[in-house]
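Below is one structure, written out as structure tokens; the observations come after it.
Derivation of every value follows stated rules applied to the coordinates shown; laboratory data play no part. These numbers were taken from a predicted model, which means no experiment stands behind them. Cβ coordinates were reconstructed from backbone atoms using ideal geometry, including for glycine residues, and neighbour counts include every protein chain displayed.
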Amino acid sequence: MNKRTFLKSTSLLGLGSLVSYSSIGKIVKSVAHLPVEAVAQDEEFWASIRGGYKLKPDYINLENGYYSIMPQEILEHYLDHVREVNMQGSYYMRTVQFDNKNAAAAKVAELAGCGADEVVITRNTTESLDMIISGMDWKPGDEAIMAEQDYGAMLDMFKQVSKRYGTVNKVLSVPMDPESDDEIVEMYANAITPKTKLLMVCHMINITGQILPVRKICDMAHAKGVLVMVDGAHAIAHIQFSIPDLHCDYYGASLHKWLSVPLGAGMLYVKKEHIGRVWPIFADSTKKDDDIARLNHTGTLPVATDLTIANAIDFYHKIGAERKEARLRYLQNYWVAKVHHMPHVIMNTPSDTHRSCGIANVGIKGMKPGDFQKTLLDKYKIYTVAIDSAGVRGCRITPNVFTTIPELDALVNAIKDLG
């Protein structure tokens, strides 16, 4: 059976039943010799990958940025873990719980290119980064730098810290279409003073999809004696990178987004030399100050989620990080290229395609984002999320590897109709 026949047979199988675990490996192997750019546009291949998901047929899901649906392979592993933990009960919790969680953290650390002694599993990006913001040794007059496009939960924590300790928050605005990386770096640099203690920056801005030059920002800030915390909620398993290459001090991400771990999984990276300077949310007197585990004492947790992290990473590697990133970027570029020139359209994502990947944001002139979102769902059966903050007014579009070109064409046609 040649590649085309094999892909077509597995694609058709996906229409009536789910592609088996072993089939996914065979599907990927059939394109392993091809350049990733070619695979990114191979609709038969991605239709076959789609066959490994069970999707709700009532609407086209273009809001995968909040939570990415698990493929059945990961879901079945998760259910198996739930059953096993339930069968063992307290025995599991008192014997191997922590060893298994450490193993999951080590696998995440390997994925992120950092040491296992610098990573802990959390519930989400908010928990990870709010722990750093609230856990620093703030003094009255200390300054923190952030952007209005940063995630609201972290901005709220900075506000709370300001009220509690008398710190000063400097809120900037990231340009949508910078002339160069230098424009963004200089914006942050110009806000730094001798009182600046922490700078927060998004790796990928959640409301627009803009990817920021994190390493350049970190190097600039460090030269001025300022620590940098990175919000990587949307970067893990979306774009390829290594945390140490970013030169940041703290990095938080959600694993239930693009990595497709069950809901309630995140990660926190703290550079080894900084672990002892962070006050944990919950105290743990049994750990040494330089032990990353002291930041992870959060009580009883749904441990089956931790166990599934390894399965999700294996699935991610099976598809291939390079292939996934190329596909997500291709999908975004496909629909954006068809609508950005329309006179009634507002694009809220950088025009330079290298400054974004799978996420983009589009608005309709004269139409409120909430009305746009409602119309897409009610009239066109397309599910998105409305964004109306930080100067961004539109709907965020986040396809996934199971998204098809006809589904994106439906989005394009809907946008065209609203002109």
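The orientation-averaged projected area of the convex hull spanned by the Cα atoms of segment 25-150 comes to 13.8 nm².
Here Lys287 is the anchor, and the lysines within straight C-alpha reach of less than 20 Å, apart from those fewer than 8 places off in the same chain, are Lys101, Lys271, Lys272. The HN-Hα couplings worked out from phi for segment 279-284 by the Karplus form 6.51 cos²θ - 1.76 cosθ + 1.60 (θ = phi - 60°) are 7, x, 5, 10, 5, 9 Hz, whole numbers, x standing for Gly and Pro.
Tell me, what is the Rg over Rh of segment 322-419, with Rh the Kirkwood radius over Cα pairs?
Working: Rg = 12.6 Å, Rh = 13.5 Å.
Rg divided by Rh gives 0.94.
Take the Cα atoms of segment 227-383, build their convex hull, and give its volume per residue in Å³.
178 Å³
Compared with the direct C-alpha span, the chain from Lys288 to Gln240 gains 14.0 nm at full extension, assuming 0.36 nm per residue.
For segment 95-168, report the % of Cα-Cα distances exceeding 18 Å. Show your work: numbers first, answer last.
Details: 1435 of 2701 pairs.
Counting pairs separated by more than 18 Å, the tail of P(r) holds 53 percent.
Among 138-144, 207-213, the peptide with the highest mean count of other Cβ atoms within 10 Å heads the list, and the full ranking is 207-213, 138-144. When each of the peptides 264-273, 178-187 is scored by how many other beta carbons lie within 10 Å of its residues on average, the order from highest to lowest is 264-273, 178-187. Of the residues Asn100, Ala40, Asn206, the one whose Cα sits farthest toward the positive end of the charge dipole of the chain, with +1 on the Cβ of Lys and Arg and -1 on the Cβ of Asp and Glu, is Ala40. The Rg/Rh ratio of segment 181-232, with both radii computed over alpha carbons and Rh defined as the Kirkwood radius, is 0.96. Taking the DSSP bridge list for the chain and keeping only pairs wholly inside it, about 50 percent are antiparallel. Evaluated with a Cβ-only charge set (Lys, Arg +1; Asp, Glu -1), the chain carries a dipole of roughly 700 debye about its Cα centre, given to the nearest 20. For the chain, modelled as a GNM whose springs connect Cα atoms under 10 angstrom apart, the maximal fluctuation among Val228, Val39, Val201 occurs at Val39. Partner aspartates and glutamates whose Cα lies under 13 Å from the Cα of Lys379, excluding those fewer than 8 positions away in the same chain, are identified as Asp58, Asp371, Asp417. Just list whichever of Lys338/Lys374; Lys139/Lys159; Lys139/Lys170 have alpha carbons separated by over 20 Å in the model shown. Cα-Cα > 20 Å for Lys338/Lys374; rest within.
Semi-axes of the equivalent ellipsoid of segment 350-389: what are they in whole Å, largest first, if each equals the square root of 5 times a C-alpha gyration tensor eigenvalue? Before the final figure, lay out the partial values.
Numbers: eigenvalues 96, 31, 14 Å².
Over the Cα atoms of segment 350-389, the ellipsoid semi-axes are 22, 12, 8 Å.
Couplings 3J(HN,Hα) for segment 294-303, derived from phi with the Karplus relation 6.51 cos²θ - 1.76 cosθ + 1.60 (θ = phi - 60°), are 5, 8, 10, 8, 10, x, 6, 10, x, 5 Hz, where x marks Gly and Pro.
Within the P(r) computed for the chain, what percentage of the Cα pairs occupies the region above 38 Å? Intermediate results must be reported in sequence, preceding the final value.
On the way: 20379 of 87571 pairs.
Of the Cα pairs, 23 percent sit more than 38 Å apart.
Within a straight-line Cα-Cα reach of under 19 Å, Lys381 can be paired with the following lysines, leaving aside sequence neighbours fewer than 8 residues apart in one chain: Lys54, Lys56, Lys368, Lys416. Sequence-ordered 3J(HN,Hα) estimates for segment 359-372 from the Karplus curve with 6.51, -1.76 and 1.60 and θ = phi - 60° stand at 8, 8, 9, 10, x, 10, 4, x, 10, 5, x, x, 5, 4 Hz, glycine and proline given as x.
Between the C-alpha center of segment 314-367 and that of segment 201-229 there is a gap of 21 Å.
What do you get when you divide the Cα radius of gyration of segment 78-314 by 2.2 N^0.38 Å, with N the number of residues?
On the way: Rg = 18.0 Å, N = 237, 2.2 N^0.38 = 17.6 Å.
For segment 78-314, the normalised Cα radius of gyration is 1.02.
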